[in-house]
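Values quoted throughout were computed directly from the atomic coordinates according to the rules given, and no laboratory measurement underlies them. Computed from a predicted model, the values in this text were never measured in an experiment. Reconstructed Cβ throughout: ideal geometry from the backbone, glycine too, with neighbour counts over all protein chains shown.
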Amino acid sequence: MAVKEAGTARPSARERLLAAANELFYNEGVHTVGIDRIIEQAGVAKASLYNTFGSKDELVRAYLETRHASVTQRIMQAVDRYDTPRERLLAVFEGQGELFAQPDYRGCAFARASAESHPGDPAERAAEGYRRWVRDLLTELAAQAGASEPEVLARQLHLLYDGSGQAARMDRDLAAAAAARAAAAVLLDAALARAAAGGAPTAVAE
């Protein structure tokens, strides 16, 4: 019996559908792109899409979950390159800069999908989940760094994170993440100085 060579297996229908969705939804929008285009690009029967995902909404959700996993991996790889709490926190922006440097970067997939969605849509829920992950990560790293109110600092840093992404997309500014990192360092060092002095942190208005 012939032995199949390693690496020659054809991607599954699910993999092909997700690859097509990732390209088309990200570049053109989750509502602009119809099911027929996804099916055509993936090279599968329409029944395969519905048997695998059940609906277009669920395909959108799976696409955004894939993007979330990819961003998480990139950011955490950057964070894990460092040992000190201060550098680990600032490395979030280094990981973000690596995302911006990718030739196909067209902005935050979650912001783009959320802008097209209605409250409660799978895309909206996926975007909310991603933003919670970013905020929770920043809060955890701020606490590890010694900020007395890590939630306050995390909110400030999240604003920098969001603004960096907007600048990279709209201004084609590949240095946006480096600028955000520099601003984050100022905020972090000020927070640490207050904590060391025993002073109250600056409140952030809701």
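Here are a few things to note about the model shown:
- Computed over the chain, the per-residue total of -39500 (n - 2.57) for DSSP H runs of n ≥ 4 gives a 222 nm mean residue ellipticity of -23500 deg cm²/dmol, rounded to 500.
- Per the Debye calculation on the chain with a single equal scatterer at every Cα and no solvent contribution, log₁₀ I(q)/I(0) for q = 0.19 Å⁻¹ amounts to -1.28.
- If the segment from Ala196 to Thr32 were pulled out straight at 0.36 nm per residue, it would be longer than the present Cα-Cα gap by 53.8 nm.
- Nitroxide proxy distance, nm - points 7 Å out along Cα→Cβ at Glu58 and Ala19: 2.3
- Linear extension gain, Gln73 paired with Ala115, 0.36 nm per residue minus alpha-carbon span: 12.7 nm
- Sites excluded, trypsin sites (Lys or Arg not before Pro) in DSSP loops with at most 10 other C-beta within 10 Å, longest stretch of the chain: 5-171
- In this simple spin-label approximation, Gln102 and Ala9 carry label points 7 Å from Cα along the Cα→Cβ vector, and these lie 2.4 nm apart.
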